[in-house]
1. What are the trypsin sites (Lys or Arg not before Pro) within the stretch 97-197 that DSSP puts in a loop, where the Cβ has at most 12 other Cβ atoms within 10 Å?
2. So how tilted is helix 136-150 from the main axis of the chain? Cα-based, degrees 0 to 90, rounded to 10.
3. For A44 and D404 in one chain, what is 0.36 nm times their gap in residues minus the Cα-Cα distance, to one decimal in nm?
4. What list of ³J(HN,Hα) values in whole Hz, one per residue of the stretch 54-61 in order, does the Karplus curve 6.51 cos²θ - 1.76 cosθ + 1.60 (θ = phi - 60°) give from phi, with Gly and Pro shown as x?
5. Which net charge results for the neighbourhood of T89, defined as the other residues with beta-carbon distances under 15 angstrom from its beta-carbon, given Lys and Arg at +1 and Asp and Glu at -1?
6. Using a Förster distance of 22 angstrom, determine the FRET efficiency expected from the C-beta separation of E194 and D31, and round it to 0.05.
7. Could you sort E185, E413, E27 by accessible area so the largest value comes first, with the probe set to 1.4 Å?
8. Extension gain D345-S377, at 0.36 nm per residue separation less the Cα-Cα distance, in nm?
Amino acid sequence: MKTYLCVFSCLLGSVFAVSAQEVKFEEYDLDNGMHVILHQDNTAPVVTTSVMYHVGAKDENPERTGFAHFFEHLLFEGTVNIPKGEWFTIVTSNGGSNNANTTDDRTYYYEVFPSNNVELGIWMESERLLHPVINQEGVDTQNEVVKEEKRLRVDNSPYGKFLENVKLHMFKKHPYKGTTIGKMEHLDAATLEEFQAFNKKYYVPNNATLVIAGDIDVPAVKKMIEDYFGPIPRGEDIVRDFPKEDPITEPIRAKAYDANIQIPAIMAAYRTSSFKDRDSYVLDMVSTYLSDGKTSKLYKKLVDDKKIALQAGAINLSQEDYGMYILFGLPLGDTSLDTLVEEMDEEIEKLKSELISERDYQKIQNKFENDFVSSNSSVEGIANSLARYHMLYGDTNLINNQIDIYRSITREEIKAVANKYLNADQRLLLEYLPESAQE
């Protein structure tokens, strides 16, 4: 039976590999420095127009945190030619949808329209870049929106501040020590001139990647791009020189408290490398091995077999400059947090001393093949990937060959990377406790 399962797994992997079709694209720069990527797919009459700006929470003044996320909202307020409050009405009344999101490294805006409205999407994004209206009324409106989002997603959400507290202890110098949503008192204190200066510095063509993906006529779209984006003036060059973190050489222990929880949690966090580094790909595979699904090592051991945890897992949170690898567990009954750490450490030590089984290795490979196919299954997903791989990785064609990196990772490499990063003297142990425990 085991032989048949192994054969089936290998065949499944082959099917995924064959199913993944090459994403063809064309890329070039406008004279003002904007990078353009075009992907033609005429199988469905839809087009995604997106712009990714290389600005995130790490680019903010430490006394004015939250600006990048704030602009995710503010730049929907309106433009010289789009009245206040009309952005979403224009999109929906033309059969479209739109959204935006922000990380510590970048901000991403996009619209999805029927392909006969491709010019509308291009015009709207050029308006956002060239003619945004940034006035006190818009700032005040979005300030309340962001405060409500913070209350909902962070302040009143169980375990909503765990990542904030991990970052606070993992980073002492680099701006990753802050949060993406920022501090509300910083937004309250900011002047209109400060918001306008932030816009002028970062929301410029030479800090942006434009992607048009879907049912397009390439020559026609190129002309639209030149007409709408070509005249926008280049901004000043942006120079980044973030401080480097010192290595963690001894264990860090800390506590954090949350009024929204009754069950404590433990996090073991390790500082790791940029997602551009091969080691980060290996850590992705380690996470899948340890905590992807109910048959994963941590879940099966702590939750199913020993019944000492309500939940357990591992996450590789890698970013442009650094990453964090986080193990976590929620105890069941009278199980102590120290016991959970000991049990998780036991699995880490196995990774560091033994090769994972060939069966587990093949299972991981199949998972990444499946994810690779899924990520390129929609035009919207392809547009996001094209922008991200160009801007943050410096290699747009990773949309086609990133899977080859995962395929090339060996069991020996998994063991070596676990030994490189997942060491007890290089980590933070954070006890995340109910607020009542503080009393």
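1. Working: sites: R106, R128, K147, K150, R151, R153, K161, K167, K172, K173, K177, K183; in loops: R106, K161, K172, K173, K183.
Those that pass, being in a loop and sparsely packed, are K172, K173.
2. 20 degrees
3. Values: separation 360, 0.36 × 360 = 129.60 nm, distance 2.83 nm.
Net length gain for the segment: 126.8 nm.
4. Along the stretch 54-61, the couplings run 7, 8, x, 4, 5, 8, 8, 4 Hz.
5. Around T89, the charge tally is -3.
6. Values: r = 30 Å, r/R0 = 1.37.
Plugging the Cβ-Cβ distance into 1/(1 + (r/R0)^6) gives 0.15.
7. My answer, sorted largest first, is E185, E27, E413.
8. 7.8 nm
The values are calculated or read from the model by the stated rules, or taken from the named source; none is laboratory data. Since the model is a prediction, treat every value here as computed from it, not as a measurement. Quick reminder, even Gly has a Cβ in these numbers, built from the backbone with ideal geometry, and neighbours come from all protein chains shown. Remember, those area values only see protein heavy atoms, side chains included, never the ligands or the DNA or RNA. Shrake-Rupley method; radii C 1.70, N 1.55, O 1.52, S 1.80 Å.
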